[in-house]
1. In region 199-210, is there at least one residue being within 19 Å of residue 166 (Cβ to Cβ) and crowded, with 21+ Cβ neighbours inside 10 Å?
2. Please go through region 433-445 and give me each residue that is modelled with pLDDT of 95 or more and not in a helix (DSSP H, G or I), ordered by number.
3. Take residue 142 and decide whether it is closer than 21 Å to residue 75 by Cβ, surrounded by fewer than 21 Cβ atoms within 10 Å (Cβ to Cβ) and modelled with pLDDT of 95 or more.
4. Checking the condition farther than 28 Å from residue 242 by Cα, at pLDDT 85 or above, touching a strand residue (DSSP E or B) at 6+ places or on another chain (Cβ under 7 Å) and assigned by TED's automatic domain parsing to the domain that holds residue 334, which residue from 367, 417 passes?
5. Could you list, in sequence order, all residues of region 346-363 that are at pLDDT 90 or above and in contact with a helix residue (DSSP H, G or I) (Cβ under 7 Å, 6 or more places away or on another chain)?
6. Could you tell me whether region 187-199 includes any residue that is within 16 Å of residue 80 (Cβ to Cβ) and assigned by TED's automatic domain parsing to the domain that holds residue 95?
7. For the list (1) in contact with a helix residue (DSSP H, G or I) (Cβ under 8 Å, 6 or more places away or on another chain); (2) on the phi < 0 side of the Ramachandran plot, I need the number of the one condition that residue 467 fails.
8. Quick check: is even one residue across region 221-228 crowded, with 24+ Cβ neighbours inside 10 Å, under 30 Å from residue 371 (Cα atoms) and at pLDDT 95 or above?
């Protein structure tokens, strides 16, 4: 059933699409959002936690891939930086799928961990490319010392409290006189200096779960407390854009994609090996005609043909989930996307996804309406906002603060909506403009407005947050800006770098 609320007065906008020490908790709970800290109470190290990388002359895109399933992954054995496991047949198949996914993408160089499982994955993905492959020792997996080689139950039996700390408080976990996660973050920052020093504009990096987590987190200024928060699945693809700044300054870094996997990101009910019963799926509304130009003054612009295809593809993907609720921005483009998802859920029995129809209510949430803020920002600045990685950085302080405040209200309302549900298994879909989802991801991670420009989302993409420890626990970002479900209309992992303005 679709719940229709009166239209919101005002003028939405549309726009053109172009072809560390963090807070102690990584995901804001409702209790934290109800009384947010004032700027004066924000920890000072968070304000200046963005990393300082060497200046770059041109935009650089780095694509991270985790290796395919290994024999020790299959056995449930702790690998660390040991070099005894190899790819399974499934792991080689995953690597081949990733090769096909990246077949049309151009790379100037491939950096790889020297460990067998990673190197073999890199060789499969790299295929017949003539460009160099560089084995980088610092890309090896996290050093886990005495844990390495143990089955997980053996680690629990042999090390007791140390193993529990590894599971519950990895950032402060110590073994054999070492702090493995802290050491890993230092190593990741060293890796970035080497990768950014390479002259290539498009770089492929093939490595491991933990080290890829550290690379992603350290690049955007997140510390060791974010270990296990940014998921890296076997052969998952993550993309980071490094955008030059004038005056020899450290480049702006934007996470363009996180953990785009060969398989559906919503089909599995676990997150990082832990079962999850609560999930939020952020769906960016489909494209409109004005996505091809600039922000529009049209109040009720519908989806264009591409947007209709995107919404249908997203609806098909979400058949893997039994949805409890769909929450939508009040503007027509979001409502149309939400309605498409709702209608496909209702036809779940006809489509063979369920034995009965799934009736899901669509609720309009005014707090998700940020379009007027960005439309006014463009009018005030007099500039055309091209929606490319890091574009929200161009907002002035007033507009950025207003967007942040609006997203804080939206995040609180979404959590309240989830708390109000009685079903122990909750799957909520939130449909809105990419800008509000960008801010909501930062809210979820417990960040500040400074991070708004650190994430990028495309029309028709989805991002998934899991809560394996319930709403009072830490959220796990399963994927960001996932577009593989769009098929031939998916956003390429790399784009032509002939013109840096495309970044």
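1. At the first step, the residues of region 199-210 found to be within 19 Å of residue 166 (Cβ to Cβ) are 208-210.
Restricting the remaining residues to those that are crowded, with 21+ Cβ neighbours inside 10 Å gives 208, 210.
Yes, some residue in region 199-210 is within 19 Å of residue 166 (Cβ to Cβ) and crowded, with 21+ Cβ neighbours inside 10 Å.
2. Scanning region 433-445 gives a single hit, 445.
3. On the way: closer than 21 Å to residue 75 by Cβ: yes; surrounded by fewer than 21 Cβ atoms within 10 Å (Cβ to Cβ): no; modelled with pLDDT of 95 or more: yes.
Considered against the rule, which asks whether it is closer than 21 Å to residue 75 by Cβ, surrounded by fewer than 21 Cβ atoms within 10 Å (Cβ to Cβ) and modelled with pLDDT of 95 or more, residue 142 comes out as no.
4. Details: 367 fails: touching a strand residue (DSSP E or B) at 6+ places or on another chain (Cβ under 7 Å).
Within the list 367, 417, the selection yields 417.
5. Across region 346-363, the qualifying residues are 348, 351, 357, 358, 359, 360, 362.
6. yes
7. Condition not satisfied by residue 467: (1).
8. Checking region 221-228: at least one residue is crowded, with 24+ Cβ neighbours inside 10 Å, under 30 Å from residue 371 (Cα atoms) and at pLDDT 95 or above.
The values are calculated or read from the model by the stated rules, or taken from the named source; none is laboratory data. Source: prediction; values computed, not measured. Backbone-built Cβ (ideal geometry, glycine too); neighbour counts: all protein chains shown.
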